[in-house]
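The values are calculated or read from the model by the stated rules, or taken from the named source; none is laboratory data. The structure presented is a predicted model; accordingly, all values stated were derived computationally and were not measured. Please note: Cβ atoms are built from the backbone with ideal geometry, for glycine as well, and neighbour counts cover all protein chains shown. Accessible surface is based on the protein model in full, side chains and every heavy atom, while ligands, DNA and RNA are left aside. Shrake-Rupley method; radii C 1.70, N 1.55, O 1.52, S 1.80 Å.
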Amino acid sequence: MSTAIRFLGIPFKNPIVLASGILGVTAASMKRCIDLGAGGVTVKSLSLKPRTGHRNPTMGGYDHFFLNAVGLSNPGVDAGIKELKRFKAICKAPLIGSVFAGSVSEFGAVTKKIVTAPIDLLEIDISCPNVGDEFGTPFAYSTEAAIAITKAVKKQSKRVPVIMKLSPNAWNIGEIARACEEAGADAVTAVNTASAMTIDSAFQVPFLANQVGGMSGPALKPIALKAVWDVHNTVKRIPIIATGGVTTGEDAIEMILAGGTLVGVGSAAFWRGPEVFGKIVKEMENYMKKKQVKNLSSLIGKAHRS
Ligand SMILES: Cc1cc2nc3c(=O)[nH]c(=O)nc-3n(C[C@H](O)[C@H](O)[C@H](O)COP(=O)(O)O)c2cc1C
């Protein structure tokens, strides 16, 4: 029995990968996730220039969901590349780079830089719901924008396979994933956070300084699962990183049955600690033993065949 899996030819010891933006800011914190059981890590998204992000409060944890509007604070791609090099010097596990930008040409420019780093895969964040003020509507809501960005980043990324990260708010996420595939994307991640907010009834104001933000954690899982289901139904050959609300091994198995090959885990660390990666893998192994599953790849998309 093995949890090992290949994604675009790259071997992962298990399919659980750290999602972008959570615990993945420094080489040391990403290495810690691997030591605690993750099969791979995704770095916090990097932009061409450094960004300070939004004012506090930028995040809050609730019983069944997590809300954030961090505003994509990051040290910029040049400083980020140094951190990615540091990670690879201390850890051989698969490393997924991540970038975002405010225009199609800027996506091309930041990709051109990050592909000089020792990353194995590159995720393109076109779906963050928290930067609407600066950049307008997230690109992932528009088929045309998703196509244009896919083409721009593929042009700059000959060596590193490109994964387009999609939004659960796009009603036609399957169609958008298919459009990305036709434009040259090597894979997709479904999904980013869902557009959301909370209001503090004591102070009668929105809780987040940015007023609105993105929701992740367990409440997102059924939405993410449906998104993965839709994407699996529409793409022809590209694999999926299934992300959103995965907190237990059973959640991860459900995502694979819906069509995920890798499974992203982020907010679960808020409820179960950074040890969550190893715990999820152990729970997946228990499931595999109970169901006599020899290798995980036999489960990919299996719920579609029932
Ligand atoms: C605090 C926080 C910061 C995030 N930052 C990023 C980011 O920089 N880039 C990105 O693509 N996604 C970002 N995300 C989205 C996650 O990668 C993931 O898609 C989402 O949280 C759903 O997964 P989860 O429920 O396991 O957390 C962030 C999420 C959180 C909670």
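Across segment 114-142, what is the number of residues that are of a type in the set (D, E) and modelled with pLDDT under 95? So the answer is 2. How many residues does segment 188-207 contain that are under 15 Å from G245 (Cβ atoms) and not hydroxyl-bearing (S, T, Y)? The qualifying residues number 5.
Of the residues examined, V235 is one that is more than 20 Å from V41 (Cα to Cα), more than 15 Å from the ligand (Cβ to nearest atom), touching a strand residue (DSSP E or B) at 6+ places or on another chain (Cβ under 9 Å) and open to solvent by 10 Å² or more (accessible area, probe 1.4 Å). Would you tally the residues in segment 102-129 being without any contact (Cβ under 8 Å) to a residue 40 or more places away in the chain, open to solvent by 20 Å² or more (accessible area, probe 1.4 Å) and either closer than 19 Å to A89 by Cβ or assigned to a strand (DSSP E or B) (or both)? Result for segment 102-129: 2. Pairing residues of segment 257-270 that are within 16 Å of G37 (Cα to Cα) with residues that are more than 6 Å from the ligand (Cβ to nearest atom) and in a helix (DSSP H, G or I), at Cβ distances under 7 Å and at least 6 apart in sequence or on separate chains, gives V263/A252; V263/M255; V263/I256; V265/V276; V265/F277; V265/I280; A268/V276; A269/V276. F7 meets each of the listed conditions (1) more than 10 Å from the ligand (Cβ to nearest atom); (2) among the aromatic types (F, W, Y); (3) more than 16 Å from the chain's Cα centre (by Cα) apart from (3).
If only residues of segment 242-262 that are more than 9 Å from the ligand (Cβ to nearest atom), in contact with a strand residue (DSSP E or B) (Cβ under 8 Å, 6 or more places away or on another chain) and among the hydrophobic types (A, V, I, L, M, F, W, C) are counted, the one that is farthest from I5 (Cα to Cα) is A258.
Only residues that are out of contact with any Asp or Glu (no Cβ under 9 Å at 6 or more places or on another chain), of a type outside the set (A, V, I, L, M) and buried (at least 20 other Cβ atoms within 10 Å of the Cβ) were counted across segment 158-175, and they come to 3.
Scanning segment 187-215 for residues being touching a residue at least 12 places away in the same chain (Cβ under 8 Å), open to solvent by 40 Å² or more (accessible area, probe 1.4 Å) and either of a type in the set (F, W, Y) or assigned to a loop (DSSP other than H, G, I, E, B) (or both) gives a total of 4.
Taken residue by residue, segment 172-190 has at least one member that is within 13 Å of the ligand (Cβ to nearest atom) and either of a type in the set (D, E, K, R) or closer than 17 Å to I22 by Cα (or both). Restricting attention to segment 7-28, the residues being buried (at least 18 other Cβ atoms within 10 Å of the Cβ) and of a type in the set (S, T, N, Q) number 2.
Residues in segment 248-258: is at least one in contact with a Phe, Trp or Tyr (Cβ under 8 Å, 6 or more places away or on another chain), surrounded by 22 or more Cβ atoms within 10 Å (Cβ to Cβ) and of a type outside the set (V, I, T)? Looking through segment 248-258, at least one residue is in contact with a Phe, Trp or Tyr (Cβ under 8 Å, 6 or more places away or on another chain), surrounded by 22 or more Cβ atoms within 10 Å (Cβ to Cβ) and of a type outside the set (V, I, T). Taken over segment 27-38, residues that are more than 13 Å from the ligand (Cβ to nearest atom) and assigned to a loop (DSSP other than H, G, I, E, B) amount to 2.
None of K302, K282, K290, K226 is surrounded by fewer than 18 Cβ atoms within 10 Å (Cβ to Cβ) and under 19 Å from A140 (Cα atoms) except K226. The single condition among (1) open to solvent by 10 Å² or more (accessible area, probe 1.4 Å); (2) over 22 Å from L72 (Cα atoms); (3) free of Cβ contacts under 8 Å to residues at least 60 places away in the same chain that T137 does not meet is (2).
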